[in-house]
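Enquirer: Before we start, here is the structure in question, set down as structure tokens.
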Amino acid sequence: MENALKPGVKLPEEDLGTHFGVSRTLVRAALAQLALEGLVDIGKTKSATVARPTKADAREAFELRRALEREVAHLVAGRWNADLGRALETHIAAERTASDQGNHKLSVRLGAEFHILLADMAGNSLLRRYVFEVVGRTTLILAVYGQAHPQQDSLDEHIKLVEALKRGDAADASEIVDAHIRSVEDRALSDLDPTDGAGLAEILSRYSRPI
């Protein structure tokens, strides 16, 4: 969710297995699952790389995400209670802290997790699964094409959405989340050249022992 590994980065099974202390069989299974979710490409030689979606892929992913999250907003508005409100307010407080501290990577991750948290609250496990997958895909798309969405803008939009949910206004909440995702999509489809990121070893060294 942090866009740490950029599209096209190679994902060698041996390096990943050594780094995380697991067998290549487990690594291969994990990569196969990520490929099913559209996050990894596996070539004819069975070599894996971080997926590089096309702009057509991007349009389809954002179109699906808007449809799914409009339904999430509708369902959450109908199930609203004080516990849901407290959970979202706690999450928004964490987003605000990350934004105030200028921690962009954490802000990106928390922003994505806000939408997954909402999907958790909708009470539909299949819907939650599909939202989780499409949020992952659109996060990858932003890594390829997008300009960074100003975190304060995202935070303000999340707050506005929660206010509509508190009112039980399903129609307004659905419109707000649609507009929010559309603004992210507009940045994702801006005409920018894809940028190269750090290599696998450098990224993994941030999370565990180096390979």
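Enquirer: Would you mind calculating the gained length between residue 179 and residue 20 on full extension (0.36 nm times residue separation, minus the Cα-Cα distance), in nm to one decimal?
Expert: Values: separation 159, 0.36 × 159 = 57.24 nm, distance 3.98 nm.
Taking 0.36 nm per residue and subtracting the Cα distance, the gain is 53.3 nm.
Enquirer: In Å, the Kirkwood hydrodynamic radius of the range 55-188 over pairs of distinct alpha carbons? Kindly include the intermediate steps, with their values, before the conclusion.
Expert: Working: mean 1/r = 0.0681 Å⁻¹.
Result for the range 55-188, one decimal place: 14.7 Å.
Enquirer: Using the Cβ atoms and a cut-off under 14 Å, what net charge is assigned to the surroundings of residue 87, where Lys and Arg are +1 and Asp and Glu are -1? Walk me through the numbers on the way to the answer.
Expert: Details: positive: 79, 86, 166; negative: 83, 89, 95, 113, 120.
Counting the neighbours of residue 87, the net charge comes to -2.
Enquirer: Further question: Which far-off residues, 5 or more places away or on another chain, put their amide H under 5 Å from the one on residue 40, with H placed in the peptide plane?
Expert: So residue 40 has HN proximity to 35, 51.
Enquirer: Note down the net charge around residue 119, summing +1 for each Lys or Arg and -1 for each Asp or Glu among other residues with Cβ under 13 Å from its Cβ.
Expert: Numbers: positive: 65, 70, 79, 128, 129; negative: 69, 71, 113, 120, 133.
Local net charge: 0.
Bear in mind that the values in this text are calculations on the coordinates, not laboratory data. Bear in mind that the values here come from a model prediction, so they are computed numbers and not experimental data. All Cβ positions, glycine included, derive from the backbone under ideal geometry; neighbour counts span all protein chains shown.
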